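The values are calculated or read from the model by the stated rules, or taken from the named source; none is laboratory data. Everything numeric here is computed off the predicted structure, so don't read it as measured data. Note that each Cβ is placed from the backbone with ideal geometry, even for glycine, and that neighbours are counted across all protein chains shown.
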Amino acid sequence: MDKNFILYVQTSDAPERQYSPLVLAQTAKAMDIKAIVYYLGQGLRILKPGEAEKIKLGDFPSVKEMIDKTLKAGVEILVCEASKRMLNWDKVELIPGTKIVGAATLNDLVLEAGGTMWF
């Protein structure tokens, strides 16, 4: 277990739930804490090109801008392969910079992380 590693798991495509894991991951990175955002289930819908641009709440930038900033900060954004199959997406284009990984990766990351937060 690495107490200097936080895993943020995004399970939802609800607009109001998109900002927290991205803001927290950026903040962790600024605090010199390893951060990974893992998209699971319905959360994958946000990663299709054009979807994250549609979400902008309050005075925050769009979710797409937040994702770009998160990636630029050096935070990995991982995407669950099994969730992709669950959504019946054989061939799908996702936001550049994301990486599709197997379901076992989530189990490994949860066991490795010092903390895990689910959204």
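Data table
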read-out	value
Members of region 103-119 that are among the aliphatic types (A, V, I, L, M) and either surrounded by fewer than 17 Cβ atoms within 10 Å (Cβ to Cβ) or outside any helix (DSSP H, G or I) (or both)	Ala103, Ala104, Val110, Leu111, Ala113, Met117
All positions within region 39-63 that are of a type in the set (D, E, K, R) and outside any helix (DSSP H, G or I)	Lys48, Glu51, Lys56, Asp59
Identity of the residue in region 71-98, surrounded by 12 or more Cβ atoms within 10 Å (Cβ to Cβ) and without any contact (Cβ under 8 Å) to a residue 24 or more places away in the chain, that ends up nearest to Lys29 (Cα to Cα)	Glu81
Pairs where the first residue, in region 6-33, is closer than 13 Å to Gly74 by Cα and of a type in the set (Val, Ile, Thr) and the second is assigned to a strand (DSSP E or B) and at pLDDT 95 or above, C-beta under 9 Å, 6+ apart	Thr27/Ala35; Ile33/Asn4; Ile33/Phe5; Ile33/Ile6; Ile33/Gly114
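Residue by residue, here is whether (1) among the polar types (S, T, N, Q); (2) within 24 Å of Gly115 (Cα to Cα) holds:
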| residue | (1), (2) |
| --- | --- |
| Met1 | no, yes |
| Asp59 | no, no |
| Lys69 | no, yes |
| Val75 | no, yes |
| Cys80 | no, yes |
| Ser83 | yes, yes |
